Each structure stands twice: as C-alpha cells, then as structure tokens.
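Worksheet for the structure shown next.
The values are calculated or read from the model by the stated rules, or taken from the named source; none is laboratory data. Keep in mind the model is a prediction, meaning the values are calculated, not measured. Cβ sites come from the backbone with ideal geometry, for glycine too, and all protein chains shown count toward neighbours. Calculation scope for accessible area: heavy atoms of the full protein, side chains included, ligands and nucleic acids excluded. Shrake-Rupley method; radii C 1.70, N 1.55, O 1.52, S 1.80 Å.
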Amino acid sequence: MNILVEEEKPFSQRPEWADVVPLEQYENVAPLAPIFYTDEYKDATNYFRGIVKSGEMSPRVLELTENIIRQNPGHYSAWQYRYKTLMALKSPLDDELQLMDELAIKHLKTYQVWHHRKLLVQQTRNPGPELEFIANSLQVDMKNYHTWSYRQWILAYFNDDALWSHELEFVESMLESDVRNNSAWHHRFFVAFQSGVRSGDEDRDAIVRRELAFLQAFVLPYSLPQPPLGTPPEVDSQLPCVAAVEFMADIHEAAGGGDLVKATELWKSLANEHDTIRKRYWEYRIAESLKT
Amino acid sequence: MSQPRRSPHDSYETETTDHQTETETILLKHLPLNPDLPSPLQRDAHLQFLIRNLIQGFPSRYISQDASQPWLLYWTLQSFSAMGVALDPNNKQKAIDTIMAWQHPDGGFGGGPGQAAHLLPTYAAARLGGGWDQIDRRKMYKFFVSLKQPDGAFLVAHHAEVDVRGTYCLLVTVHLLNMLTPELLEGIPGFVMSCQTYEGGFSSASQPYFSPEPEGPPTLLDFPRPPLGEAHGGYTFCSLASWTMLQPYLALQKPSLQRPSLNFKTLLRWLVQMQGSEIELGGFRGRTNKLVDGCYSWWVGGCFALLSSLGIVGAHGRDDKHEYATAHQEDEAWDDIDDSLWDRAALQRYILCAGQHPAGGLRDKPPKPADSYHTLYCLAGLSSAQHNVFLSSTRQDAIVRCWKTPPGRSRSFKSETTHEQLRQACFSHSLSWTEEEGTSRILGAQNNRMNATHPVFNLTMTHTEGIMAHFYQQTIPSRPKKT
C-alpha cells in the first residue's frame with residue numbers, strides 16, 4: 001500500500017504499459033455532441049479499449065479499471081470487465097469489498113457501485129456485514145433507492161433467519177429519524193408481508209395486529225404532540241389530515257349501503273376544500289361508488 | 001391568486017418536511033400572477049441550449065455520462081422533434097455515423113464505441129432516425145436472448161442488474177425493429193406484475209423464488225415474489241408502458257390460461273397522489289413524500305394515457321368523440337371536454353413557470369441548472385398534458401386491412417403463423433395511437449403547443465410510422481385529413 005501520494009503518470013507514460021496499444025474512441029467519425037474529456041480520462045479509456053481488444057485479464061487491468069471507475073463510476077463496461085477479471089484471477093473478494101466501501105461513500109447514486117457489491121456477495125456468501133454497511137450508507141442518504149432495494153435483495157436472496165431477526169428494529173430506528181420516510185415504510189411492509197412466512201410468524205392475523213399496534217403506538221404520538229402535564233392541551237396538528245379523510249371514506253365505502261352517503265360527503269370535502277388538485281379524482285370516486 | 005396552502009408538518013418537523021418547506025418557499029416565487037397566463041414557452045432559448053450541446057459538445061463534467069452517449073444524443077434530438085425542429089441533412093448524417101459507431105460487434109449497442117452492449121443504449125440508438133440497414137438485428141436478437149432470466153426479467157447487460165427499465169427498452173426496440181417473438185415475450189407479464197407494490201406504483205424489480213422439480217427446470221413460485229424498492233415514477237412508467245405493449249401478446253394466449261392483471265385501482269390512486277398541490281404548482285413527484293421534479297411530468301404524467309388505453313379511466317379517447325368535440329367552440333370551458341382524472345392545466349403551469357430555466361433548457365426545479373434529460377422529459381410531459389392521445393380502433397382496422405404477409409414468409413409452418421400473428425397484432429396496436437382532435441388544451445399562448453407524442457414510445461407518430469414501415473416492410477395508410 002502506498003503511503004506517499006504522488007501524481008500518477010498517465011498510462012501512456014508508464015513503461016510497464018508500453019506493450020499495450022491504446023485505442024482512440026472514435027476512429028473515422030467526428031461525433032455529434034462530443035464530450036470534452038480530460039486528458040486523464042482519455043488516457044485511461046484509450047488503454048481500456050486496448051486491453052478489451054486483446055482480452056487481457058491481469059492485475060494491472062484491475063488497476064486500470066479502478067482508475068476509470070474513480071473518474072466515472074457510471075462506466076458499466078469497466079465494472080463488467082473488472083468483475084470478469086476478478087473472477088479469472090480468483091482475486092480476494094473481501095479486499096474488493098473494502099475498496100467498494102470506500103467508493104460507495106463518494107458515489108452512492110450510481111447503480112454500478114451497488115450492483116458490483118451484489119455480484120461479490122453472491123460469491124463470498126457473507127451477507128451479514130452488508131446490512132451494517134447499508135445502514136451506514138443510509139445515514140448519509142436515507143431514501144437512496146439503490147441502497148434500500150439492495151437491502152431487500154440481501155434479505156430475500158439469502159433468506160436467513162438471523163439476517164431477518166433485527167429488521168423491524170432497524171426500520172423503527174429509521175422511522176425515529178424521520179417518520180415520513182416512505183422508503184422505510186415500504187421496507188417494513190416488505191419485511192412483514194411480502195417476504196414469505198418465517199418460523200414464529202405463522203399466525204398471519206397476529207402479524208396484522210402487531211402492525212396496527214405499532215402504528216398506534218408509534219405514529220399517533222407524532223401527529224398529536226403530547227404537552228407536558230398540567231399545561232393546556234395544544235393541538236398542533238394541522239387538521240384535517242387529507243390522508244385520514246380519504247381513509248375514512250374508504251372505510252365507509254367498504255361498509256357499503258347507507259355508509260356510501262358518508263363516503264360521498266368526505267370525498268366532496270376533499271374535492272372542494274381540502275385536496276382540490278385531485279378534484280377530478282375524488283369526483284370519480286363518488287361516481288364509481290354509485291355504480292356498485 | 002391567493003397564496004396556496006403550505007403542506008402541513010404538524011409542528012413535528014423532520015428532514016422530509018424541511019426539504020418540502022424549502023422547496024415550497026422557492027416554488028411560491030414562481031407562481032404566476034394569473035394562473036391562465038403562465039410564462040410562455042421560450043422555444044428559441046431551449047433550442048439554443050440544445051444546439052450548443054449538439055454542436056459545441058458537452059463540458060468535462062459530462063464524463064459521468066460517457067457510458068450514456070446514446071442517451072445524450074437521444075434526449076437532444078427527441079427534444080428537437082418535440083418542438084417540431086428537424087436536423088439539417090449534414091448533421092443528420094453525422095448523427096447516423098455517430099450512432100453506428102456504438103454498435104457492438106456481437107449485437108446490440110453500447111454507451112459509446114467499444115463499450116459493452118446494454119439494453120438502455122440499444123433503445124436510445126434504435127429509435128434515432130437513420131442508419132437502419134446497418135443495424136444487425138440477428139445479432140441483437142441473440143444478445144437479447146442471452147439476457148433473458150427464468151423469471152421473465154432481463155439483465156440490462158452481461159453481469160449487470162435486472163430492472164424493469166431493461167424490459168421497457170427491450171420491448172420498444174423489438175416493436176420498432178420488427179424482432180418480436182413469443183419466445184422473447186414469455187414470462188414478461190408475470191415479471192411486470194410482480195413489480196407492483198402495495199402503494200400501487202411499481203418498483204425496479206422483484207425477487208424470484210423457485211421450487212425444485214424432480215425432472216426439468218425449477219418452477220417459479222407465485223409467492224413470495226417481493227418487489228425490490230418502493231413505488232417509483234420511472235419504474236412505474238416502464239412497467240405500465242411494457243404492460244400496454246404486451247396487450248396484443250396476452251390477447252393471443254390460449255383463453256384457458258387465466259389472464260393475469262394489475263391492480264388498476266391502486267395504480268390510479270398512486271398516480272393521482274403523485275401530483276403536487278397548488279403550492280407545488282401541480283408538478284409531479286416520483287415517490288411518496290419526496291419532492292416534485294420536472295422529469296416526472298413524463299414518467300408519471302405520461303401514465304394516464306396508457307391507463308386510458310387499458311380501459312381503466314373515463315371514456316376519453318373514443319373514436320366517436322370526434323363528432324362531439326368538433327361541434328363545440330375552441331373556447332369551451334376546459335372541464336367540458338377534459339375528463340382526465342388529473343390536473344393537466346396545473347402540470348403545464350409547473351413546466352412553464354418552474355421548469356424553464358431563464359438561460360435556456362428545462363430542469364428538475366428552480367434553482368437547479370437545465371440539462372438535456374430534464375429538457376426532454378419536461379417537454380414530453382407538457383405534450384401529454386396538452387393532448388389526448390388514444391388507441392383508435394378505427395385506425396387499427398385501417399392498418400390491419402393494409403397488412404400484407406411479408407415476402408419470403410410461408411404460412412405453412414405454425415411457428416411462422418404465430419410469429420406473423422403476433423407481429424401484425426403488435427404492429428397495428430403500436431400504430432393506432434391517435435391524437436384526439438379538438439380536445440387539445442394549451443395553457444397560455446398557442447406558441448406553447450408541443451407536438452403530440454406516442455404515449456408508449458415517446459416519439460412523434462410520424463417518426464414511429466417511418467421506422468415501423470421500414471422494418472416491417474408494410475404500407476401504412478395515411479391518416480384522414482384533419483377537419
């Protein structure tokens with residue numbers, strides 16, 4: 001490992017790369033809408049095209065592809081070739097994962113960073129540390145789509161009771177940070193209802209009751225803040241809550257019969273006062289309910 | 001216009017409401033004084049923005065897009081098309097030469113010369129006009145087959161991720177380039193269905209489970225088959241557009257097989273919920289409790305036409321509506337003709353008042369800079385909000401009547417017949433999208449009017465006809481003249 005950081009020479013000036021023929025991107029074409037590459041990027045990608053052509057899979061290819069993905073983490077061909085090289089060389093994948101930990105901090109939003117981890121973990125078969133890594137990533141960007149869906153994949157793919165065992169706790173901690181985080185709610189639904197039946201969870205009605213109890217205990221206090229004892233109650237909630245009105249209407253609609261009148265009244269209030277942008281939709285709901 | 005209400009935070013603020021409040025404060029400044037007189041569409045400024053990219057090129061920070069060169073070109077050229085501007089012959093040829101340099105020797109297109117073949121650049125490259133005969137469809141088909149997974153999904157490239165964007169890109173490509181086969185489509189409906197979440201929108205992918213069989217391949221289980229990731233505007237568009245394209249294929253399945261379906265009730269609700277309130281100028285968000293963004297004007301705003309075509313919403317877009325529409329004055333109240341379930345005027349207001357960057361190009365939201373991706377999807381969204389484009393059975397019949405069995409094909413082999421049946425059905429379905437005359441609603445000046453766009457392919461109808469006539473070797477009857 002280099003302790004001294006020195007300016008890296010371009011590949012074109014490194015004697016150990018002299019045997020590789022670098023290839024320009026466009027040979028006979030002056031492309032429309034060109035990108036103004038830096039010299040550094042042009043140099044690295046010219047050498048990448050060179051080794052792809054020759055089919056070389058060696059340790060120096062790992063160095064080259066790392067260089068490229070640091071400059072452009074979206075270069076999926078470099079990632080693809082890197083993976084194939086790692087497999088061909090039977091490289092130690094834990095080291096690779098450590099490198100990925102470092103890259104992910106800078107480049108969270110590219111698909112490729114997460115997908116590469118997925119490929120590696122399928123080889124290492126060691127998903128435990130991934131959950132911790134994901135949790136740390138989410139501290140920085142708590143709604144990152146790739147991060148959450150990767151977490152769901154880890155759980156679903158390995159389907160190991162030990163992995164599942166702390167998930168509800170994890171979701172709760174994310175909701176304590178931000179109760180409005182829809183990614184966290186989605187994850188909770190996935191854990192509770194969409195990932196099959198784990199041992200101990202066979203009573204599905206009990207699961208539903210557990211979730212309802214969770215909502216009552218967890219969500220309601222946030223929507224109606226409790227004032228200290230002795231002070232007059234402060235109602236800080238900005239009522240009516242549109243989602244709650246809709247929910248009430250759904251309940252009345254499901255009840256049917258005379259309840260449909262109540263549903264209609266609620267939908268009308270949404271259409272005309274509380275959620276006017278969706279006026280046409282609420283009127284549609286009224287019309288649909290009259291058809292049944 | 002009195003100041004619209006802020007979104008509530010119940011005196012319990014979290015990061016979500018902090019971002020929301022901040023965004024609303026900015027968007028408030030872009031509210032037009034008169035809601036019916038939004039900022040006019042600055043066509044010239046947007047064209048100049050796009051031309052600069054095309055001719056001068058992209059600055060070095062676009063290195064991050066080096067693997068998306070087909071996208072950069074597609075976003076730019078399609079934006080021109082949306083504004084009714086064509087490339088001059090010189091640049092048109094340059095475009096073709098550039099695109100063909102992205103074709104991979106083993107089939108498909110990559111994000112740049114020498115890059116690995118990938119479904120998304122293949123989609124972006126295939127739809128550009130020209131160089132058609134240089135596309136190696138045989139190798140491209142083999143490439144697609146090599147990506148197909150047992151659960152009906154496709155990898156986007158070798159060793160790459162599965163997601164429904166890949167499904168959409170592949171389906172559009174095979175429709176346009178006449179590469180449809182039942183073998184390729186098998187299993188796709190099940191995969192698309194499995195991406196629908198409890199919220200009603202769609203996720204990026206799902207996780208398959210298989211049960212081992214004593215003989216033969218393992219069986220795909222119906223449950224569990226969890227979606228991976230929450231309901232998201234981009235994936236929802238890709239899923240719904242894919243589902244729309246699969247309709248002719250599903251109709252050709254043996255009737256004894258149970259026709260699978262989506263939950264349209266929750267999907268409609270989710271789509272409608274994604275529209276921002278008046279304080280957000282009616283723009284669309286892509287996920288629950290996240291911020292509005294101009295690109296969802298297309299990804300979410302564009303879903304309603306698809307839903308209508310599936311017979312879900314209202315009665316809008318019937319052939320006989322033509323008579324009703326032309327009998328009325330153009331200045332008839334908006335509501336009388338528009339039976340959409342979302343606020344189309346409000347979306348136009350968002351795009352025009354918040355989406356346009358003062359220096360040219362369109363954007364996510366103020367004060368972000370413009371980029372070609374947002375330029376296209378804001379303009380495409382503007383088009384969906386202005387026009388009703390529907391599947392016309394009259395048009396479909398006309399196309400089917402003109403269908404001729406392609407030369408060199410024989411009807412004596414069953415697989416040939418099945419292939420031809422499928423291709424004819426998809427061909428006519430794809431081309432029967434029709435702009436409903438007299439029902440366009442342009443907010444503000446007529447100069448704000450965009451060309452209508454194909455709700456599945458996001459190409460103009462003319463361009464779609466051009467590509468498909470070529471690859472299917474069919475004559476497409478001209479459309480009846482507008483009255």
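Scanning for something part of a helix (DSSP H, G or I), at negative phi and touching a Gly at 6+ places or on another chain (Cβ under 8 Å), does the range A:153-163 turn up at least one residue?
Among the residues of the range A:153-163, at least one is part of a helix (DSSP H, G or I), at negative phi and touching a Gly at 6+ places or on another chain (Cβ under 8 Å), which makes the answer yes.
Might you let me know whether the range B:28-46 holds any residue that is within 28 Å of A:T38 (Cα to Cα) and not in a loop (DSSP other than H, G, I, E, B)?
Checking the range B:28-46: at least one residue is within 28 Å of A:T38 (Cα to Cα) and not in a loop (DSSP other than H, G, I, E, B).
Does any residue of the range A:265-279 turn out to be more than 26 Å from B:G276 (Cβ to Cβ), of a type in the set (K, R) and surrounded by fewer than 17 Cβ atoms within 10 Å (Cβ to Cβ)?
For the range A:265-279, residues more than 26 Å from B:G276 (Cβ to Cβ), of a type in the set (K, R) and surrounded by fewer than 17 Cβ atoms within 10 Å (Cβ to Cβ): absent.
Across the range B:239-267, what is the number of residues that are crowded, with 16+ Cβ neighbours inside 10 Å and more than 14 Å from chain A (Cβ to nearest Cβ)?
Summing the residues that are crowded, with 16+ Cβ neighbours inside 10 Å and more than 14 Å from chain A (Cβ to nearest Cβ) in the range B:239-267 gives 12.
Against the conditions (1) loosely packed, with under 15 Cβ neighbours inside 10 Å; (2) in a loop (DSSP other than H, G, I, E, B); (3) at pLDDT below 90, where does A:A217 fall short? Just the number, please.
A:A217 satisfies every listed condition except (2).
So B:G114 passes all but one of these: (1) within 14 Å of another protein chain (Cβ to nearest Cβ); (2) closer than 22 Å to A:Q112 by Cα; (3) assigned to a helix (DSSP H, G or I). Which condition number does it fail?
(3)
For the range B:56-74, how many residues are touching a residue at least 24 places away in the same chain (Cβ under 8 Å), more than 8 Å from chain A (Cβ to nearest Cβ) and out of contact with any strand residue (DSSP E or B) (no Cβ under 7 Å at 6 or more places or on another chain)?
2
What pairs come out if I take residues in the range A:46-62 that are surrounded by 16 or more Cβ atoms within 10 Å (Cβ to Cβ) and pair them with residues that are of a type in the set (D, E) whose C-beta lies under 9 Å away, six or more apart or interchain?
The qualifying pairs are A:N46/A:E24; A:R49/A:E24; A:G50/A:E56; A:R60/A:E16; A:L62/A:E96.
Filter the range B:12-49 for residues that are polar (S, T, N, Q) and surrounded by 13 or more Cβ atoms within 10 Å (Cβ to Cβ) and give the result. Spell out how you get there, then give the answer.
Going through the range B:12-49, the residues polar (S, T, N, Q) turn out to be B:14, B:16-17, B:20-21, B:23, B:25, B:34, B:39, B:42, B:48.
Answer for the range B:12-49, where residues must be polar (S, T, N, Q) and surrounded by 13 or more Cβ atoms within 10 Å (Cβ to Cβ): B:T14, B:T16, B:T17, B:Q20, B:T21, B:T23, B:S39, B:Q42, B:Q48.
Can you find, within the range B:76-111, the residue that is nearest to the other protein chains (Cβ to nearest Cβ) among those that are among the hydroxyl-bearing types (S, T, Y) and within 20 Å of the chain's Cα centre (by Cα)?
Within the range B:76-111, the match that is nearest to the other protein chains (Cβ to nearest Cβ) is B:T76.
If I ask for residues that are at the interface with another protein chain (Cβ under 7 Å from one of its Cβ atoms) and touching a strand residue (DSSP E or B) at 6+ places or on another chain (Cβ under 9 Å), which ones from the range B:268-299 would you list?
Listed by number, the residues that qualify are B:Q275, B:G282.
Quick check, is A:E8 more than 8 Å from chain B (Cβ to nearest Cβ), open to solvent by 20 Å² or more (accessible area, probe 1.4 Å) and not in a helix (DSSP H, G or I)?
In short, yes.
Output the number of the condition that B:G200 fails; it satisfies all remaining conditions of (1) open to solvent by 20 Å² or more (accessible area, probe 1.4 Å); (2) modelled with pLDDT of 95 or more; (3) not aliphatic (A, V, I, L, M).
(1)
Under 6 Å between Cβ atoms, which residue pairs at least 6 apart in sequence (or on different chains) link something in the range B:259-280 that is of a type in the set (S, T, Y) with a partner that is outside any helix (DSSP H, G or I) and crowded, with 16+ Cβ neighbours inside 10 Å?
B:T266/B:G200
Does the range A:85-108 contain at least one residue that is under 25 Å from B:D163 (Cβ atoms), hydrophobic (A, V, I, L, M, F, W, C) and within 13 Å of chain B (Cβ to nearest Cβ)?
There is at least one residue in the range A:85-108 that is under 25 Å from B:D163 (Cβ atoms), hydrophobic (A, V, I, L, M, F, W, C) and within 13 Å of chain B (Cβ to nearest Cβ).
For A:Y37, indicate whether it is under 19 Å from B:S64 (Cβ atoms), surrounded by 16 or more Cβ atoms within 10 Å (Cβ to Cβ) and at the interface with chain B (Cβ under 10 Å from one of its Cβ atoms).
Taking the combined requirement at face value, the residue satisfies it.
Counting only residues that are under 25 Å from A:Y76 (Cβ atoms) and without any contact (Cβ under 8 Å) to a residue 40 or more places away in the chain, which one in the range B:162-193 is most open to solvent (accessible area, probe 1.4 Å)?
B:G187
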